[in-house]
Amino acid sequence: MIPESYRAIELREYTEDLPSFQVVQKKRPELAKGEVLIKMAASPINPSDLSFLRGQYGIKKKLPCVPGFEGSGTVVASGGGFYANYLKGKNVACSASPAGEGTWAEYMKVPAQLCLPLKKSIELEQGSMTIVNPLTAWSLIEIARDLGAKAIMQTAAAGALGQMIHRLAKKKGLDVIDIVRREDQKQALESQGFENVLISEDAKFERELRVRAGKLNATVALDAVGGEMTGTLAACMPNQSHVIVYGGLAGEACSVHPGSLIFQGQTVHGYWLSTYLSQRNPLQLVRLSGRVQKLLNTELKSQIRGRYSLEEGEKAVKDYTATMSGGKILITP
Ligand SMILES: NC(=O)c1ccc[n+]([C@@H]2O[C@H](COP(=O)([O-])OP(=O)(O)OC[C@H]3O[C@@H](n4cnc5c(N)ncnc54)[C@H](OP(=O)(O)O)[C@@H]3O)[C@@H](O)[C@H]2O)c1
């Protein structure tokens, strides 16, 4: 039975400090045609959530609001319409609507198009991480191959997405140079068989990167860090290469030497999953979801490091911010 009200985390102020949340009771919403109500099972904290909480993301909601961009759960009610009715009773991966409430709640109302039915083989917790990282990994590798890459390099390689990108790239026959910032991250990746792991803080990093990029002909770089790193990648790659910036973990503007653009002929692109998905038709999205879900328990699997209740939301964000590598933190209402 669906209760008259449910618990949700509420954000009242965007702040660069650790956020403070209230857990509030929300009234069960009315559903319009094409909308569904999801009983939420789990929702990860991603870097995009941290940017959102700071008011620095590409989407800014009117406050107060319920944060959380992706998750999973069971569709318990439909407002009518073919797809919404089809989803009723099914386990789904879902993303929050840009104007609506987020996933860090017991229930979420959302347009049915923002839900992907989960295959039976996918557990709800793993299914809560179907959209943001797996679809990004898939599309970035597709873009790299379209750009003619035989090998890629990537930053933030020890993160959840970095590891997916590596495994998927290898599956598709690409060589990978993985860049991390600490020795323990290098060891963790090497223990999984990653062959070309470099530490950005090492004195010989740039020289080593240039040598390996030349040897492997790594002509596409996937950069989640930004700042000076973007320019370092561009400078160390073979001429006529591409740097795709898809994250800003350094929190600084990307700086690229003009010589890299003029004399080396490098190109710097931006990538946002929201834009990528908005350019696909429903049939392409269904195909994409099927392909990604087939690999969700293998190449595109996310490790889980911890689980927190709604009441522990602040603690969850603090834990995640302190240690981003080593697995995802889930909010499990
Ligand atoms: N553009 C898009 O559409 C899109 C879609 C999905 C994800 N992303 C981006 O992809 C990136 C990775 O996401 P994720 O889910 O894999 O995150 P994650 O699992 O939390 O991993 C983040 C990784 O980045 C490292 N890191 C953090 N700050 C760094 C810095 N200043 N310099 C170098 N490394 C740093 C962390 O290492 P430590 O443990 O050392 O902190 C960790 O290994 C994020 O920037 C996210 O916003 C973008």
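Here are some notes:
- Counting only protein heavy atoms and a 1.4 Å probe, the range 133-274 has 44 square angstrom of accessible area per residue.
- Potential extension, ILE199-GLU228 segment - 0.36 nm per residue separation minus Cα distance: 9.0 nm
- Fully extending the segment from LYS172 to ARG291 would add 41.5 nm, taking 0.36 nm per residue of separation and subtracting the current Cα-Cα distance.
- Legend: distances between Cα atoms for LYS60/LYS109; LYS26/LYS62; LYS26/LYS90; LYS33/LYS62; pairs beyond 20 Å are LYS26/LYS90; LYS33/LYS62.
- Rg and Dmax of the range 206-323, Cα atoms only, in Å: 18.6, 55
- Residues of the range 100-127 falling in the label zone of TYR83, defined by backbone nitrogen less than 13 Å from a point 7 Å along Cα to beta-carbon, are 110-117.
- Computed about its Cα centre, the charge dipole of the range 189-333 is approximately 640 debye, with only Lys, Arg, Asp and Glu carrying charge at their Cβ.
- Take every DSSP beta bridge whose two residues both sit in the chain; close to 55 percent of them are antiparallel.
- Tensor-based shape of the range 165-240 (alpha-carbon gyration tensor, a/c under 1.5 rounded, otherwise prolate or oblate): oblate
- Computed from the C-beta positions of LYS60 and LYS120 and an R0 of 51 Å, the FRET efficiency is 0.85 to the nearest 0.05.
- Set against the 2.2 N^0.38 Å expectation for a compact globular protein, the chain has a Cα radius of gyration ratio of 1.02.
- Peptide packing for 165-176, 261-272 was compared via the average number of neighbouring C-beta atoms within 10 Å per residue; ordered from the highest value, the list is 165-176, 261-272.
- Rg(Cα)/(2.2 N^0.38 Å) for the range 133-274, N = residue count: 0.93
- The chain - percent of accessible surface contributed by carbon and sulfur, probe 1.4 Å: 50
- Compared with the direct C-alpha span, the chain from GLU311 to ARG210 gains 31.5 nm at full extension, assuming 0.36 nm per residue.
- Per residue solvent-accessible surface (Å²) - the range 12-105, probe of 1.4 Å: 46
- Backbone N within the range 103-131 under 16 Å of label point (7 Å from VAL76 Cα along the Cβ vector): 103-110
- Per-peptide average of other Cβ atoms within 10 Å, ordering 278-291, 33-46, 245-258 highest first: 33-46, 245-258, 278-291
- Adding -39500 (n - 2.57) for every DSSP H run of four residues or longer, then dividing by how many residues the chain holds, sets the calculated 222 nm ellipticity at -9000 deg cm²/dmol.
- If only the Cβ of Lys and Arg carry +1 and only the Cβ of Asp and Glu carry -1, the dipole of the chain around its Cα centre is close to 1160 debye.
- Label point at GLN240 placed 7 Å out along Cα→Cβ; residues across the range 154-184 whose backbone nitrogen lies under 20 Å: 175
- Working from label points 7 Å from Cα in the Cα-to-Cβ sense, the LEU283 to SER5 distance is 4.8 nm.
- Using the Cβ-Cβ distance between GLN113 and LEU147 with R0 set to 30 Å, the FRET efficiency works out to roughly 0.50.
- Remark: spin-label model distance LYS90-ASN217 equals 4.3 nm, labels positioned 7 Å along the Cα→Cβ axis.
- When the Cα positions of LEU161, PRO238, SER255 are compared along the charge dipole of the range 133-274, PRO238 comes out farthest toward the positive end, with charges on each C-beta of Lys, Arg, Asp and Glu.
The values are calculated or read from the model by the stated rules, or taken from the named source; none is laboratory data. Since the structure is predicted, the reported quantities are computational estimates derived from the model, not experimental observations. Counting neighbours? That spans all protein chains shown, and the Cβs are built from the backbone with ideal geometry, glycine included. Ligands, DNA and RNA are excluded from the accessible area calculation, which covers all protein heavy atoms including side chains. Shrake-Rupley method; radii C 1.70, N 1.55, O 1.52, S 1.80 Å.
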